[in-house]
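Sharing a structure below in structure tokens format, with a few things to ask.
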Amino acid sequence: MIQPSELASRLFDSHQNYLETVIAKRRFKQKDMLPLIEKRKENPLYQVQSVGESFEGRNIQLLKTGNGKRKVLLWTQMHGDEATATMATFDIFNFLEGKNDGFDDFRKELFTNTTLYFVPMLNPDGAERYQRRNAQEIDINRDALALQAPESRILKQLQQNIQPEFGFNLHDKNPRYSVGNTSKLATISFLATAYDQEKSINTVREKSMQVISVMNKAMQKFIPGQVGKWNEDFEPRAFGDNIQKWGTTLILIESGGYAGDPEKQFIRKLNFVAILTGLASIADNLFAKEGIAEYQALLENNRYIYDLLVKNVTVIRDGKKYQADLGINRYEINQDDASSFSYKSIIEDYGDLSIFSGTEELDATGLELEHEDISRSLALDDVATFTLRKNNKSVYAVVNGFVSDLRN
């Protein structure tokens, strides 16, 4: 079997060959992906079945492939606005269907040693609205005990009936998380979910840490320093924590932010590589050679990054001048039935932000801020629209959180 590091590099370099072009942006609905599932019903590589309906009656699909003893359940988009891994899943299907591309031995080992169960888009009602929660306004990932949502009952039933040895719980997260207290965006974060308040480590959870160690080594090749760890605190209502407690080794992947990738197409590629590299280590048992120290050394996510950080700007208030930093974040507002969005950019913080970083940064030393409404001063939670001036000439315009250089 090819070593994980080499496999990851080859997968990264060849991803374009397997890219599912029907889904090219992260805002898509179940109806957009159903034809991609439908065509696979005729492919003997898969068994495709409906495993139930969402609250609004949308069929939730399960695709099974492989004949191995090791069962792996992978589900995406239990939060409707977290679509990165769903996109990557269809790239993985294209990869699994490939041949004569240098990966035949890997696929053979994968199909021989594992049986894979994919649930793309567990929460189609949430995806319809591009919102986290389902149509009942229930957070499915906080419903593992009460099982108030039909989507929650489907996931638990799948885990109980299949009894997978491994589970991949695939999410997106706020794109502004940092790796620890650093200035690095946490583009990918992993978690071996805790199954009790003490964060105990049994054999089931230890295997999570070992598989994550393999995937982390792969990710560090492409996003060095931008791999973090999700919060390890036990959440008694969450599916990841409970599935770990129910005996399935649970690997959680959170897709965050990456500069210049608002549609998460690069992060989609990273998911493709990370998931397949993790599955490879399961298929050939290479993960068992890993310790857990590398997982434990991962820094937890923190909130030290703004979308835009304006540094050292001169503010005039009540005739007095002083310097301050502005932390600005851009929020998406759903438009056109959630198929598109607009931005609303807000001044989140103001003052000494020297310990923070920005995905974009602007040094405004020597520049004075003039609010769009010249009759008043800038305030927290204002829309981030203002000019930066020097000698009564505008140098930059910040319009709804986006910077224009007026000197050009």
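No value in this document is a laboratory result; all are computed from the given coordinates. Predicted, not measured: the structure shown is a model, and the values here were computed from it. Glycine also receives a Cβ, built like all others from the backbone with ideal geometry; neighbour counts cover every protein chain displayed.
Suppose the chain between Asn391 and Lys25 were pulled fully straight at 0.36 nm per residue; how much longer would it get relative to their current alpha carbon spacing? The partial results should precede the final answer.
Values: separation 366, 0.36 × 366 = 131.76 nm, distance 4.37 nm.
Between Asn391 and Lys25, full extension yields an extra 127.4 nm.
On to the next question. Ranked highest first by the average count of other Cβ atoms within 10 Å around their residues, in what order do 86-92, 135-141 fall?
86-92, 135-141
For the range 4-302, build the charge dipole from Cβ charges (+1 Lys, Arg; -1 Asp, Glu) around the Cα centre, then report which of Val227, Gln210, Ile23 sits farthest towards its positive end.
Ile23
If I take R0 = 35 Å and measure r between the Cβ atoms of Gln296 and Asp101 in this structure, what FRET efficiency does the formula 1/(1 + (r/R0)^6) give, to the nearest 0.05?
Efficiency, from the Cβ-Cβ distance: 0.45.
Taking the highest mean first, how do the peptides 401-407, 127-133 order by number of other beta carbon atoms within 10 angstrom per residue?
The packing order, highest mean first, is 127-133, 401-407.
How high is the FRET efficiency from Gln160 to Glu232, r the C-beta distance, R0 35 Å, rounded to 0.05? Before the final figure, lay out each step's value.
On the way: r = 25 Å, r/R0 = 0.72.
The computed FRET efficiency comes out at 0.90.
Something else: Of the options Ala324, Leu170, Leu367, report the single residue whose Cα projects farthest towards the positive end of the charge dipole of the chain (beta-carbon charges: Lys, Arg +1; Asp, Glu -1).
It is Leu170.
When the helix-only estimate is applied to the chain (DSSP H runs of n ≥ 4, each -39,500 (n - 2.57), divided by the residue count), what is the mean residue ellipticity at 222 nm, nearest 500 deg cm²/dmol?
Mean residue ellipticity, 222 nm, calculated: -8500 deg cm²/dmol.
Ranked from highest to lowest mean number of other Cβ atoms within 10 Å per residue, what is the order of the peptides 185-191, 107-113?
185-191, 107-113
Please go through the residue pairs Lys71/Lys269; Lys269/Lys311; Lys69/Lys199; Lys25/Lys199 and name each one whose alpha carbons sit more than 31 Å apart in this structure. Provide the component values of the computation, followed by the final result.
Working: Lys71/Lys269 24 Å; Lys269/Lys311 33 Å; Lys69/Lys199 29 Å; Lys25/Lys199 37 Å.
The pairs that break the limit, which is 31 Å between Cα atoms, are Lys269/Lys311; Lys25/Lys199.
Right, next: Could you sort out which of Lys173/Lys221; Lys156/Lys229; Lys173/Lys229; Lys184/Lys221 sit more than 20 Å apart by Cα distance in this structure?
Long pairs (Cα-Cα over 20 Å): Lys173/Lys221; Lys156/Lys229.
Sum up the charges of everything whose Cβ sits under 15 Å from the Cβ of Leu145, counting Lys and Arg as +1 and Asp and Glu as -1, but leave Leu145 out.
Summing Lys and Arg as +1 and Asp and Glu as -1 gives -1.
Taking the Cα centre of the chain as origin and charging only Cβ (+1 Lys, Arg; -1 Asp, Glu), how large is the dipole, in debye to the nearest 20?
With only Lys, Arg, Asp and Glu charged at Cβ, the dipole is about 580 debye.
Right, here's the next one. So, in nm, how far is label Asp32 from label Glu6 when the simple model puts each one 7 Å beyond its Cα toward the Cβ?
3.8
Continuing with this model, one more query. Got a sec? Which residues in the range 220-257 would a label at Gln197 touch, if it sits 7 Å along Cα→Cβ and we count backbone N under 18 Å?
The answer is 232-238, 241-242, 245, whose backbone nitrogens lie closer than 18 Å to the label point.
Counting only other residues whose beta carbon sits under 13 Å from that of Asp325, what net charge do I get with K and R as +1, D and E as -1? Each step should come with its number before you reach the end.
Values: positive: Lys311; negative: Glu348, Asp349, Asp352, Glu361, Asp363.
Within the 13 Å Cβ shell, the charges total -4.
How much of the DSSP beta bridge set in the chain is antiparallel, as a percent to the nearest 5?
Of all bridge pairs located within the chain, approximately 65 percent are antiparallel.
Relative to the first principal axis of the alpha-carbon coordinates of the chain, what is the inclination of helix 265-283, with its axis defined by its Cα atoms, in degrees from 0 to 90 and to the nearest 10?
30
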